[in-house]
């Protein structure tokens, strides 16, 4: 590979860890220009960089001495970065630290699969130097990098990886409001919390659902009140703007805010200050402001239900969170995370998904989004007979007592037959994507899509 040397100017405030020991990073990159630029840049930041240029050298280095982070190119002269990762998982899992991959657009599907297998993240070439450095230091800031799995990104689909990248850009502008758009249950609060986590700071995240607060109380909830401001106000109470000082404030369902409060909120945003009820002196806003809604605010403005000036004030950076039906790659990944949560709560009752359950998860459109998926996993863990969760445990309304000869039953059989046909063809061609696609009369992209839909992955240590 040949690259023009990227500019890796020093800008990160991070210098090593809190323990005084320099963070050990292994870099596997065969391109001499890119490898040298990365090695020098990271060394200047206080990391101990061990740079090797082949998969075999990388394997030998990883098993010979501990490392805190692995940065690896997907394509290497003597093999494949993904195959190396799986080999280390199998041979020396204790030696495998958080792993960040660099990949070309053509190999994004493989990188997504590696995330499902436990990789920390991937970046697509040409790599934005600042984004790469930021992600490396985010992983390095984890205490001894041991809690990196709890700091996982929002998903493994390209759409959610792109959203994650946008968040990394947004944190550089803490005074800029963010508007999160998406259907109910899609995970808007999760995205807000991820932004808060990336932002850092001494404050906490506070969330208020504007649709759930009675109209007569919402002003006090937002701005706070002083003792004696109204009947029952027997003490001072901070509003959510004050509670979130130094952190993040999420105003969820902003599209449902009463018209009277829209005007007062606009004034507060313009002044960057709020005035508690019963107080004459304003209090400065010191929080990152995030707004969220499932409504089309432009339509709400047209219909006269939402102020146009407030819309333009909060719609500076808008991020759309796609529904699960548009990012099916995240479904199994999320389901496994929810299963892990249940296992931590009930370690004596481990559960796993059957192949039929995985197919059912991928076939369902999830109108209730991530919230519905989470509840389905929780319900299945309660009612499943034994350690294996079946399709009927996840979606009992669809899979329990399906009438013989029904259209739904036919679709199930057709899906199972297609999966079996695909798997036979893949095995026959040793899971070589191009040859398998040609034998089936499909494009490579078409085969990838069908493999994702049926959760087909090559067993073992790699993919061709």
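The values are calculated or read from the model by the stated rules, or taken from the named source; none is laboratory data. All values derive from a computational prediction rather than experimental measurement. All Cβ positions, even for glycine, are placed from backbone atoms using ideal geometry, and neighbour counts span all protein chains on display.
Please determine whether any residue of region 19-27 is within 16 Å of residue 87 (Cβ to Cβ) and exposed (fewer than 14 other Cβ atoms within 10 Å of the Cβ).
Checked against the condition, which is being within 16 Å of residue 87 (Cβ to Cβ) and exposed (fewer than 14 other Cβ atoms within 10 Å of the Cβ), region 19-27 yields no hits at all.
Sort out which residues of region 305-318 are in contact with a strand residue (DSSP E or B) (Cβ under 6 Å, 6 or more places away or on another chain) and either assigned to a loop (DSSP other than H, G, I, E, B) or not assigned by TED's automatic domain parsing to the domain that holds residue 248 (or both), and write them in order of number.
315
Name the helices (runs of 4 or more DSSP H) wholly inside region 54-150 in which the number of residues that are in contact with a strand residue (DSSP E or B) (Cβ under 6 Å, 6 or more places away or on another chain) and at pLDDT 80 or above is 3 or more.
So the answer is 55-64.
How many of the residues making up region 339-357 are modelled with pLDDT under 90 and in a helix (DSSP H, G or I)?
The qualifying residues number 9.
Listed here are the residues, each with its yes/no results for (1) in contact with a strand residue (DSSP E or B) (Cβ under 9 Å, 6 or more places away or on another chain); (2) at pLDDT below 95.
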position	(1), (2)
257	yes, no
273	yes, no
279	yes, yes
292	yes, no
300	yes, no
303	no, no
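Identify, from the list 192, 268, 220, 245, the residue that is surrounded by 15 or more Cβ atoms within 10 Å (Cβ to Cβ) and not in a helix (DSSP H, G or I).
It is 245.
Answer yes or no as to whether residue 438 is farther than 22 Å from residue 82 by Cα, at pLDDT 75 or above and out of contact with any strand residue (DSSP E or B) (no Cβ under 9 Å at 6 or more places or on another chain).
For residue 438, the condition - farther than 22 Å from residue 82 by Cα, at pLDDT 75 or above and out of contact with any strand residue (DSSP E or B) (no Cβ under 9 Å at 6 or more places or on another chain) - is met.
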